[in-house]
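Visitor: Pasting a structure here, questions to come.
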Amino acid sequence: MSLLVVGLSHRSAPVSVLERASLAAETQAKLLQDTLAAEPAAEAAVLATCNRIELYADVDKFHAGVAELSTLLAQHSGVGLDELTPYLYVHYEDRAVHHLFSVACGLDSMVVGEGQILGQIKDALALGQELHTAGRLLNDLFQQALRVGKRAHSETGIDRAGQSLVTFGLEQLAAGADVADWARGKRALVIGAGSMSSLAAATLARTGVAEIVVANRTRARADRLVEILGQPGSTGVAAHAVEMAAVSDELTRADVVVSCTGATGLVLTAEAVAGALGLAFDPAYEVPAASVPAPPADPDRHAAWVENGTVGSVRQAVRRATVPAQGAGPVRLALLDLAMPRDIDGATARLDGVRLVDIESLAEASADAPMAADVDQVRTIVADEVAAFGAAQRAAHITPTVVALRTMAAGVVAGEIARLDGRLPDLDEKQRAEITQTVRRVVDKLLHAPTVRVKQLASEPGGAGYADALRELFDLDPQTVAAVSRADLNDPNRGRS
């Protein structure tokens, strides 16, 4: 196994960099295809969410792999390599497995313990399978990550430590008040009809808003979301869909807006929000630039920079320098921007009566969120699962060699029985069957102990060389071993999500 992950997240980069580096669905597909076309990657998968972009690959050379994956991320994100590199982190082999398992459990999320990441990991695997870029290693890895994440949520109280990004965002909008009390009777506008927007609409309905209006570029998807909200057994909230062109009019009647679209530009400008509220807006206002130290480029120093909390202080410094204080007066319009890149102009925060919560402010707020005691238990689960996954992968590496050895032994037995038939043609069927069974039992007993032991040794750290030793000792044909590997890899039931 030579698993490599190169990526950036809310822990390593400011949101301003993350939103510029965000990858659209078609860009993710092109990134995967280009990763496989370039050496040294044999498999690839991309995990792209609102607060992380990670490229996973099975590589045969570490340094060449880091250079190639970093370059590809820069090319497809549109952020220059020199600018992107200081914010990238690199994990290799067991550390890469540990990272993905931690991500799947919600330990690396902006809101610790949130479960939405499991759906995003499943989507990443499905894309790799659809494009045939995820082979044996990444299929096994992502499937196991999903199982580990589910185990963490079922066996611990990690859910108590975290919540969905939507719920956390609404709590920030409520500014300390009970969310249900704050939301009761409000008119909500949800922009977008994807998974996050759908979750936002469902959450708003449960909190007790009086009405939900859904706007989406594709009207049919907005209609479908409204239909779901109105199904029997749901909250029964009044809901209807509108065209995107009607958003300006809906703003004049909304109390709270949640936006999460895949747009590459702003969906709500400060001028539009100001106009809806009947306020004046000065577009000439300029925000002073931040004076923030750049992160170190060296991977080891960069990891320490992230882990010791430097990134948190950098993020807060950027936040203070780039986003003005919230507008004065009572809140007339609450805005929650969950998109990456952002949907809502940050300048709306300067408008009187407007409260804006976005990914950047959520990252800052989550840094101070209390951690549940269950987090330590989840970390133990992750460590155990990483060790088990590594052992299983090492053991699986030797399995084709063991199968090839037993196949060769079966061929030797068949050849000797055929020779016996030629020398003793008068043997009856019962005698021939007894002799054949005896020879097979002898061979099986001779091979049993060494093959069991070699699998045990191969599963331990440093056991990768046992497969080579077995092939050398028994003069096994490398093509036979490779044929067994291909047959296992091409099993249609393997690794499907």
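Visitor: Quickly run through segment 10-28 and pick out the residues that are in a helix (DSSP H, G or I) and open to solvent by less than 20 Å² (accessible area, probe 1.4 Å).
Guide: Of everything in segment 10-28, those that are in a helix (DSSP H, G or I) and open to solvent by less than 20 Å² (accessible area, probe 1.4 Å) turn out to be V15, V17, L18, A21.
Visitor: Among the residues of segment 53-62 satisfying the criterion of being more than 18 Å from the chain's Cα centre (by Cα) and without any contact (Cβ under 8 Å) to a residue 60 or more places away in the chain, which is surrounded by the fewest Cβ atoms within 10 Å (Cβ to Cβ)?
Guide: It comes out as D60.
Visitor: Tell me, which residue of segment 38-52 that is within 29 Å of L266 (Cα to Cα) and at pLDDT 95 or above is surrounded by the most Cβ atoms within 10 Å (Cβ to Cβ)?
Guide: A45
Visitor: Answer with yes or no whether T35 is open to solvent by less than 30 Å² (accessible area, probe 1.4 Å) and either more than 27 Å from R147 (Cβ to Cβ) or not in a loop (DSSP other than H, G, I, E, B) (or both).
Guide: yes
Visitor: Next question, about the same structure. Scan segment 116-146 for residues that are free of Cβ contacts under 8 Å to residues at least 12 places away in the same chain and charged (D, E, K, R) and jot them down. Let's see the steps before the verdict.
Guide: Going residue by residue through segment 116-146, those that are free of Cβ contacts under 8 Å to residues at least 12 places away in the same chain are 123, 130, 132.
D123, E130, listed by residue number.
Visitor: If you scan segment 239-278, which residues turn out to be of a type in the set (S, T, Y) and either in contact with a strand residue (DSSP E or B) (Cβ under 7 Å, 6 or more places away or on another chain) or buried (at least 21 other Cβ atoms within 10 Å of the Cβ) (or both)?
Guide: Scanning segment 239-278 gives S259, T261.
Visitor: Filter segment 63-101 down to the residues that are polar (S, T, N, Q) and either open to solvent by 20 Å² or more (accessible area, probe 1.4 Å) or at pLDDT 95 or above (or both) and list them by number.
Guide: Step one: filter segment 63-101 for residues polar (S, T, N, Q), giving 70-71, 75, 77, 85.
Of everything in segment 63-101, those that are polar (S, T, N, Q) and either open to solvent by 20 Å² or more (accessible area, probe 1.4 Å) or at pLDDT 95 or above (or both) turn out to be S70, T71, Q75, T85.
Visitor: Inspect segment 145-152 for any residue being open to solvent by less than 20 Å² (accessible area, probe 1.4 Å) and farther than 21 Å from V375 by Cβ and give the result as yes or no.
Guide: Within segment 145-152 (the criterion being open to solvent by less than 20 Å² (accessible area, probe 1.4 Å) and farther than 21 Å from V375 by Cβ), the answer is no, since none of the residues qualifies.
Visitor: Still on this model: If I filter segment 154-163 down to residues being buried (at least 19 other Cβ atoms within 10 Å of the Cβ) and either modelled with pLDDT of 90 or more or of a type in the set (S, T, N, Q) (or both), which single residue comes out as farthest from C260 (Cα to Cα)?
Guide: By that ranking, first place goes to T156.
Visitor: Looking only at segment 102-143, how many residues end up being part of a helix (DSSP H, G or I), closer than 19 Å to L31 by Cβ and not small (G, A, S)?
Guide: 14
Visitor: If you don't mind, another one. If the requirement is being in contact with a Phe, Trp or Tyr (Cβ under 6 Å, 6 or more places away or on another chain), assigned to a helix (DSSP H, G or I) and either at pLDDT below 75 or more than 30 Å from L125 (Cα to Cα) (or both), which of these qualifies: V454, V413?
Guide: V454
Visitor: Moving to a separate point now. Give me the residue from segment 179-238 that is charged (D, E, K, R) and in a loop (DSSP other than H, G, I, E, B) and, out of that set, surrounded by the fewest Cβ atoms within 10 Å (Cβ to Cβ).
Guide: Residue satisfying both the conditions and the ranking: R184.
Visitor: Please find, among T380, T399, T436, the residue that is in a helix (DSSP H, G or I), among the polar types (S, T, N, Q) and open to solvent by less than 40 Å² (accessible area, probe 1.4 Å). Working first, answer last.
Guide: Details: T380 fails: open to solvent by less than 40 Å² (accessible area, probe 1.4 Å); T399 fails: open to solvent by less than 40 Å² (accessible area, probe 1.4 Å).
The conditions single out T436.
Visitor: Give the residue, chosen from L447, L420, L427, that is over 20 Å from L476 (Cα atoms) and either in a helix (DSSP H, G or I) or in contact (Cβ under 8 Å) with a residue 60 or more places away in the chain (or both).
Guide: The match here is L420.
Visitor: From the set of residues in segment 373-402 that are among the aliphatic types (A, V, I, L, M) and touching an Asp or Glu at 6+ places or on another chain (Cβ under 9 Å), which is modelled with the lowest pLDDT?
Guide: Once the filter is applied, the top-ranked residue is A396.
Visitor: Being touching a residue at least 12 places away in the same chain (Cβ under 8 Å) and under 27 Å from E360 (Cβ atoms) is the requirement here; does R187 meet it?
Guide: Judged against the criteria, R187 is a match.
The values are calculated or read from the model by the stated rules, or taken from the named source; none is laboratory data. These numbers were taken from a predicted model, which means no experiment stands behind them. As a convention, Cβ positions derive from the backbone with ideal geometry for all residues, glycine included, and neighbour counts pool all protein chains shown. Please note that ligands, DNA and RNA were not included when accessible areas were found on the heavy atoms of the full protein model with its side chains. Shrake-Rupley method; radii C 1.70, N 1.55, O 1.52, S 1.80 Å.
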